[in-house]
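Enquirer: Provided herewith is a single structure, encoded as structure tokens, for subsequent inquiry.
Nothing in this text is a laboratory measurement; each read-out follows from the coordinates by a stated rule. Being a predicted model, the structure only gives us computed values, none of them experimental. So basically every Cβ, Gly included, is an ideal-geometry build from the backbone, and we count neighbours across all protein chains shown.
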Amino acid sequence: MTGPPAALTETLRGGKAPRKRPPVLLTLPAALVVAALMLPIAYLVVRSFESGWETVAEVLLDGETLAVLGRSALLAATVTGASVVLAVPLAWLTTRTDLPARRTWAVLAALPLVIPSYVGGFVLVSALGPRGMLQGVLEPLGVQRLPEIYGFPGATLALTIFSYPYVFLTVRAALRGTDPALEEASRSLGSGAWATFFRVTLPQMRPAIVAGGLLVALYTLSDFGAVSLLQYDSFAREIYLQYRSAFDRTPAAILALMLVLLTATILLVEGRTRGRAGYYGRAREARPVVLGRWRWPALLLCGGVVAVSLAAPVGVLLFWLLRGLLAGEPLRTLWHAAASSLYASGLAAVFAALAALPIAVLAVRFPGKLSGLAERATYLGYALPGIVLALSLVFFGANYAPWAYQTLGLLVFAYVVHFLPQAVGATRSALLQVRPSVEEAARGLGRGPASVLATVTAPLASSGILAGAALVFLTTMKELPATLLLSPTGFETLATRVWSATSEAFYARAAAPALLLILLSAVPMYLLVIRERTG
Amino acid sequence: MSADVMVRLSGVSRSYNGTKAVRGASLEVRKGEVLGLLGPSGCGKTTTLRMIAGFEPPESGTIEVGGRVVAGPGVNVAPERRRVGMVFQDYALFPHLSVEQNVAYGLPKDKWRNGRVEEVLALAHLTGLEDRMPHELSGGQQQRVALARALAPEPAVVLLDEPFSNLDAALRARVRSEMREILLSAGATAVFVTHDQEEALSLADEVAVMIEGSVVQVAPPEELYHDPATPEIARFVGEANFLEGHVENGCISCLLGEVPASCPWNGEAEAMLRPESLRLTADPEGEAVVIGREFYGHDQLVKLRFPSGVILRSRLGGGPGFKVGERVSVEVAGRAVVFPR
């Protein structure tokens, strides 16, 4: 009734520009990229149904399959719940209170994200497992066996302490974005501090909690490293075991397809929660809540979480490193693995950046149904856990492309498919920063489209494109399952080295590559924190 | 008389990082009155409002709301116990609650059932919008929800922080009169903060001018406009011409001749004349030359230069005006406000 006149709202929204047709120079490469992205999932479907519906039904209805499903769901639910319980108080304490050194705590609490899950698994096994640190200390005292850390408790612990930062970071961002006036409004309407927290603050955090929680669930379901090292038979481990041992690999394919359906469902739900409007505010610094005597339990909580999830793992790694060095463990082979890692990751970064470019340009400059579809197709990489992607490509390579099977090319292809969303996301947001009017000005000054791309768009977007490539580079370094299944014979990376050394209980040998990986992963994390501080 | 005072500030001060934001501010707001707190940005008016609401503690002085000391030496009542309703600059509507739930937020459950929500919604012309979410409302509607939410628990006073700054100019005038009407029909006592003198003069019963942390004058709008306490206030609450002169026997002799000035003293003085009290007539022999003209539709501002270099402004009706370069003679209607020099 009091809205501005229709004509006014139309101009405010920005009238729809007439649809432009994208040039073939752009659509053709984009179509090729999308086709490449579809290949693994499409082939997985084909492979699963190759031996007929009966086989599929047989595997699906098998008691063991249902047990795997149940175990995976139980693990995902427990880890997600525990992460939320851990992360929400930490996020609130580090954003809204006068906790001493709260910025430092915020950085420390986010850092466990840089520890790959298989390194976490290694830390747990090597510290608490048979022939581990604790056993070594207790053996002289006559202790022969320790309580089992393998299975559900170990997997839950490892995945919780290394994935709760997903919830921590999203909730923190939500808290920082919430207008403090909301809480003030609630106070002046008669609600006390506690009532305000539950009636206003918590509902504001809810979308962030759901989004972060879904990320944790997704991470848990797709995780291969921790569950394998800790021997918890969830989907990822079961698929790997089926693939390794069974004569008939069809069950592995069907299990993989089930896992894809599960992760895709979670992704869809996550997309829903992200799409809700109206949850933004202005970033005025809120007056911090004075903790008073509650400061001490708060510090104890932060300190405890950081000690278990960060200090202890790094300490364990340093212990094994030192022990290895003293025992004369050669470091020379480490450089070899590091060089392989750098080489494969570098190739993946370059190809991912190139593949992302046509997709991102289409999505930003020619928004429409088709370009939106192409962009969304890149997110398939997220729905495909590494083990599933690798398995599909192994099948495909063995059956149709023996010339590519067990080559570096197929491995890099897997990396690109897996991590393309990161490159597309970074490139897309960089392109969004370039206003179309700047490009139009160049056109008006007599430059053709290709020249504009080279002289205006690319230089302006280059930092974003580079950031995307760097992100792909660093996540590729950490990738384990695809590397494990698709590497050419004798090709050893830092990740596979940690894996094989841990599997064979050569703990001292795994420590150096694990530490190196953590250091490398800390770089993007550091950049993220800097951006948060300046932005 | 004193029982009628809903808000009283006595010598309230507050500083940030060593600089005084509010210096010994004193104010009174009577029951049912709308007070406008007017001042340039950074003068401490929003801080004053937040101290009344209880979001900032004063360093010295006392604050009373509804006849009860809520802040002062050894006293600091929590915001939720002050019976103060606040309308925030960006409205701060709860994005997860509907219009109805927003308005009901401050009410105990039984009151909600007793129809208070419907009553306030009707008062704020929001009937029919109960189930909308805040982001589905226009700016003006959001503002009325914020006002209704603040009024629902029947607070002792409603505080409004720059209530119209988030609306575009075309909406502002209409929303302003709506707001005035809602506050009147609710019989509410209100304090609003603004840097816009037109807003303060048109909406308030009483205007308090705040400059550099101090309350420099409190008066009804007409008095403030026509009888400002200092040249600074005169300049801040509207267009003002200043002329030097000499006062004798209730008249100031200046560039425009003898102008009546009601003041008991004699001596050197500065006369302030509002542009609308300068009448112009086309006169080839006139002293002043028209050097500029701004046409606003309902009126116009004509800029004049005198041979001595003095420049004055005159406000005329919207009819045909004077051309640049034309000579005019100037006559004063009414009296001048004089300040000693």
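Enquirer: In a shell of Cβ-Cβ distance under 13 Å around A:Val68, excluding A:Val68 itself, what net charge do Lys and Arg (+1) and Asp and Glu (-1) give?
Expert: -2
Enquirer: While we're looking at this one, here's another question. Given a Förster radius of 25 Å and the C-beta distance between B:Asn249 and B:Asp4 as r, what FRET efficiency does 1/(1 + (r/R0)^6) yield to the nearest 0.05?
Expert: 0.05
Enquirer: For the pair A:Leu268 and A:Glu64, how long in nm is the line joining their label points, each one 7 Å along Cα→Cβ?
Expert: So the two model labels end up 3.0 nm from each other.
Enquirer: Towards the positive end of the charge dipole of chain A, with charges on Cβ (+1 Lys, Arg; -1 Asp, Glu), say which of A:Thr502, A:Ala252, A:Ala217 has the farthest Cα.
Expert: Comparing the listed Cα positions along the dipole, A:Ala217 ranks first.
Enquirer: In degrees from 0 to 90, rounded to the nearest 10, what is the angle of the helix B:169-186 Cα long axis to the longest principal axis of chain B?
Expert: Once rounded, one gets 60 degrees.
Enquirer: Of all the stretches in chain B, which is the longest one without any exposed loop site, taking chymotrypsin sites (Phe, Trp or Tyr not before Pro) in a DSSP loop (any state but H, G, I, E, B) with at most 11 other Cβ atoms within 10 Å?
Expert: B:1-264
Enquirer: Same structure again: Diagonalise the Cα gyration tensor of the range A:291-335 and give the resulting equivalent ellipsoid semi-axes, square root of 5 times each eigenvalue, largest first, whole Å.
Expert: Those come to 38, 9, 5 Å.
Enquirer: Take the alpha-carbon positions of the range A:54-160, form their convex hull, and give its projected area averaged over all directions (one quarter of the hull surface) in nm².
Expert: 10.6
Enquirer: On to the next question. Between A:Asn399 and A:Arg435, what length comes free when the chain is fully extended (0.36 nm per residue of separation minus the Cα-Cα distance, one decimal in nm)?
Expert: Here the segment from A:Asn399 to A:Arg435 would lengthen by 8.2 nm.
Enquirer: Based on the Cβ-Cβ distance from A:Leu445 to A:Leu466, what FRET efficiency comes out when R0 is 25 Å, to the nearest 0.05?
Expert: 0.40
Enquirer: Using the Cα gyration tensor of the range B:92-152, with a ≥ b ≥ c the square roots of its eigenvalues, what is the shape: rounded (a/c below 1.5), prolate (a/b larger than b/c) or oblate (neither)?
Expert: prolate
Enquirer: According to the square roots a ≥ b ≥ c of the eigenvalues of the Cα gyration tensor, what is the shape class of the range A:120-265, taking rounded for a/c under 1.5, prolate for a/b larger than b/c otherwise, and oblate for the remainder?
Expert: It is oblate, given that a/c is not under 1.5 and a/b is not larger than b/c.
Enquirer: What longest region of chain A stays clear of GluC sites (Glu not before Pro) that DSSP places outside H, G, I, E and B and that have at most 15 other Cβ atoms within 10 Å?
Expert: A:286-503
Enquirer: Cα centroid distance between the range A:359-391 and the range A:51-70, in Å?
Expert: 30
Enquirer: If the chain between A:Ser245 and A:Leu373 were fully stretched, how many nm would it gain, using 0.36 nm times the residue separation less the Cα-Cα distance?
Expert: Gain on stretching A:Ser245 to A:Leu373: 42.2 nm.
Enquirer: Just from its helices, what would the mean residue ellipticity at 222 nm be for the protein assembly as shown, if runs of 4 or more DSSP H residues each count -39500 (n - 2.57) and the sum is divided by every residue, rounded to the nearest 500 deg cm²/dmol?
Expert: The helix-only estimate for the protein assembly as shown comes to -17500 deg cm²/dmol at 222 nm.
Enquirer: Mind telling me which of B:Pro221, B:Pro155, B:Pro108 comes out most flexible in a GNM of chain B, alpha-carbon contacts under 10 Å?
Expert: B:Pro108
Enquirer: Related question: Output the relative contact order of chain A, whole-number percent, from Cα pairs under 8 angstrom with separation of 6+ residues.
Expert: Relative contact order comes out at 21 percent.
Enquirer: Further, regarding this structure: Run the quick spin-label model on A:Leu326 and A:Trp53: label points 7 Å from Cα toward the beta carbon, then report their separation in nm to one decimal.
Expert: It is 6.6 nm.
Enquirer: I would also like to ask the following. Just how many pairs of Lys in the protein assembly as shown have C-alpha atoms closer than 29 Å, counting pairs that are eight or more places apart or on different chains?
Expert: Lysine pair count for the protein assembly as shown: 7.
Enquirer: With the cut-off at 1.5 for a/c, could you classify chain A from its C-alpha gyration tensor as rounded, prolate or oblate?
Expert: Here chain A falls in the oblate category.
Enquirer: Based on the Cβ-Cβ distance from B:Arg68 to A:Trp194, what FRET efficiency comes out when R0 is 30 Å, to the nearest 0.05?
Expert: Given R0 = 30 Å and the Cβ-Cβ separation, E is 0.80.
Enquirer: Something else about it: Considering the zone a paramagnetic label at B:Val75 would reach in this model (a point 7 Å from Cα along the Cα-to-Cβ line), which residues of the range B:1-36 have amide N under 12 Å from it?
Expert: Once the point is set 7 Å along Cα→Cβ of B:Val75, B:8-10 turn out to lie under 12 Å by backbone N, inside the range B:1-36.
Enquirer: Simple spin-label model, 7 Å along Cα-to-Cβ: B:Thr127 to A:Arg293 in nm?
Expert: For B:Thr127 paired with A:Arg293, the spin-label model returns 5.4 nm.
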